[in-house]
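Data block below; observations after.
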Amino acid sequence: MDFSNTEPESRKRIKLFDVPIDLIEKDSLIIQVERMIENGGSHYIMPINPIKIVATQKNEEFKRIIMNANIVFPDAVGVRWALKILYGIRLRNTPGIDLMQDVLQLASRKGYRVYLLGTKQEIIEKALSIFSRSYSGVNFVGFNDGYFRDEERTEILRKIMDTKPHILLVGMGVFRQEKFIFETLAQGDIPFCMGVGGSFDVIAGAAPRAPDWLSALGFEWLYRLIRQPKRIKPMMALPKFAILVLKEKLSKRLTY
C-alpha cells in the first residue's frame, strides 16, 4: 500500500537516517490537509520525533509505514536540532497536538465528519465533550477507546468505515496507532488520518503539557519525564538519537 504519491503538490523532502522528513511548517500543513480532504481518497500524515526515528533502526514494518505517509513533519525539538546540525536547515516546530487542534478548527469551519479513537473510555469521552464545545461545527460521527482486544479490531474498523469520516484521529501510542491507521486505510478511503499520541489525554487534563515558555526552549520532553517518570523507557531513545546525529556529523567532516 503506497499513499506517498496521492498528494499532487511537491514539497522539499530530505532523509534523516533513511527516514523521510518534509520541510514543511504548520500553515502550509493545514493547506495540505484541506486539499487532501477535498480531493478525497486516502491520506495519512506522520508527526516524527527522535523516538520514532530510533525505532525505525530495528523495526522495518514501522519504517515502511513512515515511508508510505503522505507527509512526515517534525514535531519535536530533537529533529529540528538534527536538521540544523546536519543540513543547516532551520525549521519551526509543529507539535502534533497543535496541528490536531488546527485540523479540528478547519473541520469546524467546513462541517467535516470526524472519528476519534484512542486512550481510556472516560478520557476519550471527556476529550470529545471538550472538542464538541470548542469546535461546534464539527460533525463528530463516532469514538472508541484504544484499549480493545485483537478480536475486536474488525468490528471497530467496520464502525469507523460505516461512519465515512473525513478525518480519523488515533491516539494509541507510537507504532500501534500508525499500524492501525495503515490497516484501516487498506479497508477503504478516509481522506485524512493522523496519529495524535497522548493528545486526547492532554486535552482532557489527564496528562500534563509543558508551559509554552519551556516548550519554546525545547525542554517539553524533560517536563514530561519529570511529571511522568514511567516515560523513562521510551525517553532512552533520545541519547541514542543524539549519538546517531553526532556520528553522522563527524563522518561528514571526515569526508570533507
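For the chain, the pair-distance distribution built from all alpha carbon pairs, in bins 10 Å wide starting at 0, is 7, 31, 38, 20, 4, 1 percent. Most simply put, the chain has about 15% antiparallel DSSP beta bridges, counting only bridges with both residues inside it.
The D102 and K179 beta-carbon pair, evaluated with R₀ = 22 Å, returns a calculated FRET efficiency of approximately 0.30.
Cβ-to-Cβ counts within 10 Å put I203, I14 in ascending order as I14, I203, the fewest first. Modelled label positions at K58 and E38, each set 7 Å beyond Cα in the direction of Cβ, lie 4.5 nm from each other. Below 15 angstrom from the Cβ of K252, what's the summed charge of the other residues (Lys, Arg +1; Asp, Glu -1)? Combined, the nearby Lys, Arg, Asp and Glu give +4.
Net length available on complete extension from R90 to K15 is 25.5 nm, with 0.36 nm assigned per residue and the Cα-Cα distance removed.
Among P74, P191, P208, the largest mean-square fluctuation in a Gaussian network model of the chain, built with springs joining Cα atoms closer than 10 Å, belongs to P208. Averaging the sequence gap over all C-alpha pairs within less than 8 Å and six or more residues apart, then dividing by the number of residues, gives the chain a relative contact order of 21 percent. Ordering H43, H166 from the fewest to the most neighbouring beta carbons within 10 Å gives H166, H43. Sorted fewest first by neighbouring Cβ atoms within 10 angstrom, Y147, Y223, Y112, Y135 come out as Y147, Y223, Y135, Y112. Counted residue by residue at 0.36 nm each, then reduced by the alpha carbon distance between them, the extension gain from R231 to W81 reaches 51.9 nm. Residue separation of E248 and A216 scaled by 0.36 nm, minus their Cα-Cα distance, works out to 8.9 nm of gained length. Taking the Cα centroid of region 200-221 and of region 37-65, what is the distance between the two, rounded to the nearest whole Å? Region 200-221 and region 37-65 have Cα centres spaced 23 Å from each other.
Quick check for me: using +1 on Lys/Arg Cβ and -1 on Asp/Glu Cβ, what's the dipole size of the chain about its Cα centre, in debye to the nearest 20?
Values: 38 positive and 29 negative charges, 221 e Å.
In total the dipole reaches around 1060 debye.
Report the paramagnetic label zone for Q121: residues of region 133-173 whose backbone N is under 12 Å from a point 7 Å from Cα along the Cα-to-Cβ axis. Only 144-148 pass the distance filter.
Over region 32-183, the hull volume per residue, using the convex hull of the C-alpha atoms, is 123 Å³.
None of the figures in this text is laboratory data; all of them are computed from the coordinates on show. Bear in mind the structure is a predicted one, so any value in this text is a computation, not a measurement. Note that each Cβ is placed from the backbone with ideal geometry, even for glycine, and that neighbours are counted across all protein chains shown.
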